[in-house]
Amino acid sequence: MATAETKANCKREIAVEVPADIVSQQTESVIQKLQKAARLPGFRRGKVPASVIRQRFAEEIKSEVVEALVPRWFRQEAEKQGLIPVSQPRVSDLHVELGEPLRFTATFEVLPEIEVAGYKELRVEKADTAVSEPEVDDSLNHLREQHATFLVGEDRPLQDGDFAQVSFEGRPQGAEAKPVNVDDVMVEIGGANTLAEFTANLRGARPGEQRAFDVSYAADFSDQRLAGKTLSYTVSVKAIKQKQLPELDDAFAKELGTFASLEELRQKVRESLEHEKQHAAERASKEKIVDELVKQHEFEVPESLVEHQIDLRLERGLRALAAQGMRPEDMKRMDFARLRAGQREAAVQEVKASLLLDRIAQAENIEVSDQEIEQEIAALAEQTKQPAEAVRARLTREGALDRIRNRLRHDKALDFLYRRSA
C-alpha cells in the first residue's frame, strides 16, 4: 500500500507500507542466513537456535530486512504510480517491528513536466564566414614564424627585437617547492609574450653575463604552478640570436608538404580558415539557440541533476588544472564550497538545456541508431589507441552507453534546430 504527495514540481513523497507477512518472510530468510554463518560459544556452526539468533542479532536482522525490502518496495510503488525517480530516495518515518508491517516515507525527485513550444520558430543571426586576403596573409606569416631559423648575432648588449639564448634557475620564495631549471630557451627582448621583468633585466646584457631578479606572478596567472608566487631568477645569457624568416615563395610551399606552388598553399590556407570560421559560427549559433530556448521556458529542475552537473564541471576544471601542472596538494586547499557555488548558475542552464533538447527529440522522433553508437565507440577507440571491443566493454561496465546515446540524441536535436534557424 502506498500514498503519494506532490511536494513541488520535481519533488515527490511516497508513504509505503510493506505487509506484515512479507516482513516476516524476509525476517525468517535473514535468520536462516545468520544461523548458517553464526559462531557462538556452546553451539556448533549452523546449529544455533533461531530464538538465540533473534535475541543476539536483533539489530542486524532489522537492518538487513530494511536493506532488502525498502529499495524493492520503493521501486515497485513508484512504478505503480508512473513515477520515474531521478534521485536516490530520502527515507524517513521508518517503522520496523517484529510481526508488524514495515512503514516508511520516501522523498525523491522526478523530471519536471515541460511543454516545449515555439522551438521551430527560433532564429539566430549567422556570423559572416568569408575569409579576407589579409587573414590569409596573417596565416601564411604565422607559418613563416613557425619555420623561422635563429642565427648567432654579434657580441653586443641585448636590445629590443633580439632573441637571447639563455639558461636559468627560478627559486620560489618562502616555499618548499623545488626550483625551476631550464637549460636552453629563447627569450625575445621586448616581445609581446615575454614577461616585462625578463625584458627589463636582460636588456643591455651581453653573452656570458648573468642577471638576477625577482618575478611576482599574479594570482590569476595562466600557469597555475606559478600563480600567486614570487620566484628569484638567476639567468645566464649564452648568445644573442637574430630571427630569420623564410621567403614566402614556391620553395617554401614545397617544404611544407605536397604543395606545388605558393598559390596552391594560399588556397589550402584559405579553405582551412573558411572551415574554422564556419565551425566557429555554427558553434556560436547553436549556443545562441540553446540560450534562447532556455530563456523561453521557465521551469524547476531537479536539485540532484544540478548537483551532478556541478560535479562534472568541477571534474573537468580540475583535470584542466592538473594538465597545467597544479599539484594535488594545492587542489586540496581550494575553496570547493565557493567553487561549487560559482558553477551553479551554469549547471542549472545546462540541465535545463538538456531536458528541453530531450523533449524536442521526443516530439520530432529523433533517435540514435546502434550504428551511430558503434561509430562513436570506434572514434573513442582510435583516440585512446584501444581495441573497440575493450572500449565497448568498459563503457558497458560503467553504464556509459546510455549517456553516449543521450548526448548524441541531444546533438541531433540541436542540429535540427540549427538547420531550421537558417
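Read-outs throughout are calculated quantities, based only on the coordinates presented, and are distinct from any laboratory measurement. None of the values given here were measured: they were computed from a predicted structure. Here the Cβ is made from the backbone with ideal geometry for all residues, glycine too, and neighbour counts use every protein chain on show.
How long are the semi-axes of the equivalent ellipsoid of segment 140-227, defined as square roots of 5 times the Cα gyration tensor eigenvalues? Whole Å, largest first. Don't skip to the answer; put the middle values down first.
Working: eigenvalues 125, 64, 30 Å².
Each semi-axis is the square root of five times an eigenvalue, giving 25, 18, 12 Å.
What distance in nm lies between label points placed 7 Å from Cα along the C-beta direction at residue 114 and residue 267?
Taking the two extended label points, one gets 4.7 nm.
Quick one: Karplus J couplings for segment 48-60, per residue in order, coefficients 6.51, -1.76, 1.60, θ = phi - 60°, nearest Hz, x for Gly and Pro?
Result, rounded to whole Hz: 6, x, 4, 4, 5, 4, 4, 6, 6, 10, 4, 5, 4.
Between residue 364 and residue 94, what is 0.36 nm times their sequence separation minus the Cα-Cα distance? Round to one decimal in nm.
Working: separation 270, 0.36 × 270 = 97.20 nm, distance 4.41 nm.
Result for the pair: 92.8 nm of gain on full extension.
Read phi for every residue in segment 123-138 and hand back ³J(HN,Hα) as whole Hz from Karplus 6.51 cos²θ - 1.76 cosθ + 1.60, θ = phi - 60°, with x for Gly and Pro.
Couplings: 9, 10, 7, 7, 6, 6, 10, 5, 10, 8, 5, x, 5, 5, 4, 4 Hz.
Given that just one value was derived from the coordinates, which of (1) 68, 44, 41; (2) 60, 43, 40; (3) 99, 63, 41 is Cα extents along the principal axes in Å?
So the calculated entry is the one marked (3).
To the nearest 20 Debye, how big is the dipole of the chain about its Cα centre, given +1 on the beta carbon of each Lys and Arg and -1 on that of each Asp and Glu?
Numbers: 63 positive and 76 negative charges, 458 e Å.
Result for the chain is approximately 2200 debye, rounded to the nearest 20.
Under 15 Å from the Cα of residue 238, which aspartates and glutamates turn up, not counting those fewer than eight places away in the same chain?
Hits, sequence-local ones excluded: 154, 155, 162, 169, 183, 184, 188, 209.
So what is the relative contact order for segment 299-420, in percent, with contacts set as C-alpha pairs under 8 Å and at least six apart?
So the answer I get is 28 percent.
Return 186, 326 ranked ascending by Cβ neighbour count within 10 Å, so the fewest neighbours appear first.
Least crowded to most crowded, the residues run 186, 326.
Sorted by average packing, counted as other Cβ atoms within 10 angstrom per residue and highest first, what order do 387-399, 76-88 take? Please report the intermediate quantities before stating the final value.
Details: 387-399: 12.3, 76-88: 14.2.
Highest-to-lowest ranking by the protection proxy: 76-88, 387-399.
Pull up the cross-link candidates among the lysines for residue 268, meaning alpha carbon to alpha carbon under 23 Å and not fewer than 8 places away within one chain.
Partners within reach: 254, 277.
Quick check: pseudo-label points 7 Å beyond the Cα along Cα→Cβ at residue 280 and residue 340, how many nm apart are they?
3.7 nm
Suppose every Lys and Arg Cβ carries +1 and every Asp and Glu Cβ carries -1, with no other charges. What dipole size does segment 299-420 come out with about its Cα centre, to the nearest 20 debye? Numbers along the way, then the final one.
On the way: 22 positive and 23 negative charges, 82 e Å.
Computed charge dipole of segment 299-420: roughly 400 debye.
Which far-off residues, 5 or more places away or on another chain, put their amide H under 5 Å from the one on residue 238, with H placed in the peptide plane?
So residue 238 has HN proximity to 165, 166, 167, 208.
Placing +1 at every Lys and Arg Cβ and -1 at every Asp and Glu Cβ, with all other atoms neutral, what dipole size does segment 2-109 have around its Cα centre, in debye to the nearest 20?
In debye, rounded to 20, segment 2-109 gives about 680.
Excluding residues on the same chain fewer than 8 positions from residue 385, give the aspartates and glutamates whose Cα lies under 20 Å from its Cα.
The reachable aspartates and glutamates, counting only those whose Cα sits under 20 Å from residue 385, are 372, 374, 376, 398.
What angle do you read, to the nearest 10 degrees and between 0 and 90, between the alpha-carbon axis of helix 388-397 and the longest principal axis of the chain?
40 degrees
So for each of 153-165, 293-305 I average, over its residues, the number of other beta carbons within 10 Å; can you give me the resulting order with the highest mean first? Please report the intermediate quantities before stating the final value.
Working: 153-165: 14.8, 293-305: 16.5.
Going from most to least packed, we get 293-305, 153-165.
Pairs 126/412; 11/62; 178/243: which exceed 22 Å Cα-Cα?
Numbers: 126/412 19 Å; 11/62 28 Å; 178/243 33 Å.
Going by Cα-Cα distance, 11/62; 178/243 fall outside the 22 Å limit.
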